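Trainee: Provided herewith is a single structure, encoded as structure tokens, for subsequent inquiry.
The values are calculated or read from the model by the stated rules, or taken from the named source; none is laboratory data. Because the structure is a prediction, the values reported are computed rather than measured. Virtual Cβ from ideal backbone geometry, glycine too; neighbours counted across all protein chains shown. Heavy atoms of the whole protein, side chains included, go into the accessibility calculation; ligands, DNA and RNA do not. Shrake-Rupley method; radii C 1.70, N 1.55, O 1.52, S 1.80 Å.
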Amino acid sequence: MKLAGPEIGDETGGPIQHGGNLSRARALFPHAPEPWVDLSTGISPHSYPYSPLPDNAFTRLPDVASAERLKALAAAACGAPSAAHVAAGPGTQILLPMVSDLIARKGLAAVLSPTYEEHARAARLSGFEVTETDDLDRLAKAGLAVIVNPNNPTGRIVPRADLLALAAIMRAKGGLLVVDEAFMDVSEASSVADAVDAGGLVVLRSFGKFYGMAGLRLGFVISHPETVAKIENRLGPWAVSGPALHVANEALADVRWQGAMRLRLKEDAARLDALLGASGIAVTGGTSLFRFIRDPRAQAIFRHLGEQGILVRRFEERPEDLRIGLPRESDWPRLEEALKTIEPAK
């Protein structure tokens with residue numbers, strides 16, 4: 001089942017470039033006005049309004065009871081069967097190689113692409129031969145299969161039924177399906193976090209994107225309790241900092257804020273679509289935290305915005321693709337002015 005995008009080779013290449021690198025942007029556009037407007041990530045511009053940290057948040061080791069409460073709240077928020085099905089760590093990024101290492105025999109890993117490139121890198125570092133493909137059926141031939149759902153950067157959604165069918169295939173042969181649901185908080189897609197008890201399935205969830213606090217570094221592995229125990233053994237004690245426990249326990253329990261923020265982000269995404277459309281730029285995908293563009297002018301748009309101190313995410317291996325995040329309220333006027341002078345399509 002082909003979904004989108006070209007098949008990608010197996011080359012390791014150089015360091016992976018990510019969004020949010022303002023140092024690199026300043027080097028590319030040394031005469032751009034400051035401060036920069038960073039729209040190169042999929043992080044919400046509206047961070048959670050947490051209460052003041054306790055006086056001992058930095059002086060005491062993280063509290064065990066708070067860590068257990070975090071797992072219970074994360075299970076409820078993500079739809080996991082129980083707290084025993086959740087492992088919490090300092091950001092999803094650090095969890096990727098641990099998940100890849102769950103497979104003892106390193107053979108073929110297949111990543112549904114184009115997508116977040118760190119999955120392929122983590123699998124290679126664990127000893128897998130990695131193929132990146134747009135063909136969902138090819139994932140069933142691997143020992144480790146990875147799908148980002150909804151996808152970053154395209155917003156592609158793989159139906160729940162297809163994911164569960166693939167998980168069953170992986171389970172039958174002792175393999176593993178990893179579903180990265182980093183943007184599930186703002187998606188109408190169906191999570192598979194409730195199905196992990198059957199085995200053969202790991203779900204990853206991110207805290208920082210929806211709650212606008214990527215620097216907090218918090219992420220979750222959701223899987224069968226035996227798998228969770230292996231991850232927690234690798235992480236060791238105090239995997240989540242005291243300040244992160246304080247903030248996340250408040251945020252995950254605040255259902256009213258979550259509902260209001262989902263509506264606000266939808267409104268922001270529609271506002272961005274209208275702004276881009278007025279400049280002749282068609283949005284072809286994304287989520288309510290970022291918009292995806294495929295346009296022959298992509299590199300020219302990147303440069304035009306960069307020269308005006310606005311950073312969007314380009315993809316050097318896919319020169320017609322751009323990802324644009326949501327501005328802070330104070331940054332909308334700068335983006336609107338910059339877009340007015342975009343060269344029209346020929």
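Trainee: On the full set of protein chains, 1.4 Å probe, figure out the accessible area of SER190 and give it in Å² to the nearest 10.
Mentor: SER190 has an accessible surface of roughly 60 Å² with all protein chains in place.
Trainee: Could you check the simple spin-label distance between ASN233 and ALA274, using points 7 Å along Cα→Cβ, in nm with one decimal?
Mentor: For the pair ASN233/ALA274, the computed spacing is 5.6 nm.
Trainee: A follow-up question, please. Check which residues have an amide H placed less than 5 Å from VAL130's amide H, if you skip close sequence neighbours.
Mentor: ALA109
Trainee: Still on this structure: Give me the one-decimal nm value for the distance between modelled label points at ARG171 and VAL64, 7 Å along each residue's Cα-to-Cβ direction.
Mentor: Once both label points are built, they end up 3.3 nm from each other.
Trainee: Sort the chain into rounded, prolate or oblate with this rule: let a ≥ b ≥ c be the square roots of the eigenvalues of the Cα gyration tensor; rounded if a/c is under 1.5, and if a/c is not under 1.5, prolate when a/b is larger than b/c, oblate otherwise. Before the final figure, lay out the partial values.
Mentor: Values: a/c = 1.81, a/b = 1.24, b/c = 1.46.
Cα axes put the chain in the oblate bin.
Trainee: So, one more: Using θ = phi - 60° and the Karplus relation 6.51 cos²θ - 1.76 cosθ + 1.60, list the HN-Hα couplings for segment 168-183 in order, rounded to whole Hz, with x at every Gly or Pro.
Mentor: Coupling constants for segment 168-183: 5, 5, 5, 4, 5, 10, x, x, 8, 9, 10, 10, 8, 9, 4, 10 Hz.
Trainee: What are the ³J(HN,Hα) values, in whole Hz, obtained from phi via the Karplus relation 6.51 cos²θ - 1.76 cosθ + 1.60 with θ = phi - 60°, for each residue of segment 242-257 in sequence order, with x given for Gly and Pro?
Mentor: Computed from phi, the couplings for segment 242-257 are x, x, 5, 4, 4, 5, 5, 5, 5, 5, 5, 8, 8, 5, 5, 4 Hz.
Trainee: For the pairs LYS71/LYS209; LYS141/LYS230; LYS106/LYS230; LYS173/LYS230, note any where the Cα-Cα span goes beyond 28 Å.
Mentor: Numbers: LYS71/LYS209 18 Å; LYS141/LYS230 25 Å; LYS106/LYS230 18 Å; LYS173/LYS230 20 Å.
Listed pairs above 28 Å: none.
Trainee: OK, next. When the Karplus curve 6.51 cos²θ - 1.76 cosθ + 1.60 is applied with θ = phi - 60°, which whole-Hz ³J(HN,Hα) does each residue of segment 59-65 get, with x for Gly and Pro?
Mentor: 9, 10, 5, x, 6, 5, 5
Trainee: Please give the charge dipole size of the chain, origin at the Cα centre, charges +1 on K and R Cβ atoms and -1 on D and E Cβ atoms. Round to the nearest 20 debye.
Mentor: The calculation lands at about 120 debye.
Trainee: Leaving out ligands, DNA and RNA, and with a 1.4 Å probe, what % of the accessible surface on the chain is carbon or sulfur? Before the final figure, lay out the partial values.
Mentor: Numbers: 8320 of 15360 Å².
Using a 1.4 Å probe with all protein chains present, the chain comes out at 54 percent carbon and sulfur.
Trainee: Per the Kirkwood treatment, what hydrodynamic radius in Å, one decimal, follows for segment 219-315 from the mean inverse distance over all distinct Cα pairs?
Mentor: With all distinct Cα pairs of segment 219-315 included, I get 17.4 Å.
Trainee: Using the heavy atoms of the protein chains alone and a 1.4 angstrom probe, what is the accessible area of the chain per residue in square angstrom? Numbers along the way, then the final one.
Mentor: Working: 15360 Å² over 346 residues.
Per residue, the chain has 44 Å² of solvent-accessible surface.
Trainee: Assign one of three labels to segment 274-330, namely rounded, prolate or oblate, based on the Cα gyration tensor with a ≥ b ≥ c the square roots of its eigenvalues; rounded applies when a/c is under 1.5, prolate when it is not and a/b is larger than b/c, and oblate otherwise. Walk me through the intermediate numbers first.
Mentor: Working: a/c = 1.39, a/b = 1.14, b/c = 1.22.
Rounded shape, in that the Cα axes give a/c under 1.5.
Trainee: Sticking with this one: Okay, helix-only estimate at 222 nm for the chain: each DSSP H run of n ≥ 4 adds -39500 (n - 2.57), divide by all residues, round to 500 deg cm²/dmol; what do you get?
Mentor: Mean residue ellipticity, 222 nm, calculated: -10500 deg cm²/dmol.
Trainee: Go through 251-261, 169-179, 138-148 and give me the packing order, highest mean Cβ count within 10 Å leading.
Mentor: Going from most to least packed, we get 138-148, 169-179, 251-261.
Trainee: Using the basic label-point model (7 angstrom from Cα toward the beta carbon), what is the GLU118 to THR341 distance in nanometres?
Mentor: In this crude label model, GLU118 to THR341 measures out at 3.6 nm.
Trainee: Putting +1 on Lys and Arg Cβ atoms and -1 on Asp and Glu Cβ atoms, find which of MET170, GLY199, GLY219 reaches farthest to the positive end of the dipole of segment 153-256.
Mentor: Among MET170, GLY199, GLY219, the one farthest towards the positive end of the dipole of segment 153-256 is MET170.
Trainee: Next up: Given H placed 1.01 Å from N in the peptide plane, which residues other than close sequence neighbours of VAL148 have an amide H under 5 Å from its amide H?
Mentor: LEU112, ASP180
Trainee: Also, quick follow-up: Just to confirm a number: summing +1 for Lys and Arg and -1 for Asp and Glu over residues other than MET184 whose beta-carbon lies under 11 angstrom from that of MET184, what do you get?
Mentor: Neighbourhood net charge equals -2.
Trainee: Tally Lys and Arg at +1 and Asp and Glu at -1 over the other residues with C-beta under 12 Å from the C-beta of GLY107: what net charge comes out?
Mentor: It works out to a net charge of +3.
Trainee: Follow-up. Could you rank the peptides 327-339, 111-123, 214-226 by their average count of other C-beta atoms within 10 Å per residue, with the highest value first?
Mentor: 111-123, 214-226, 327-339
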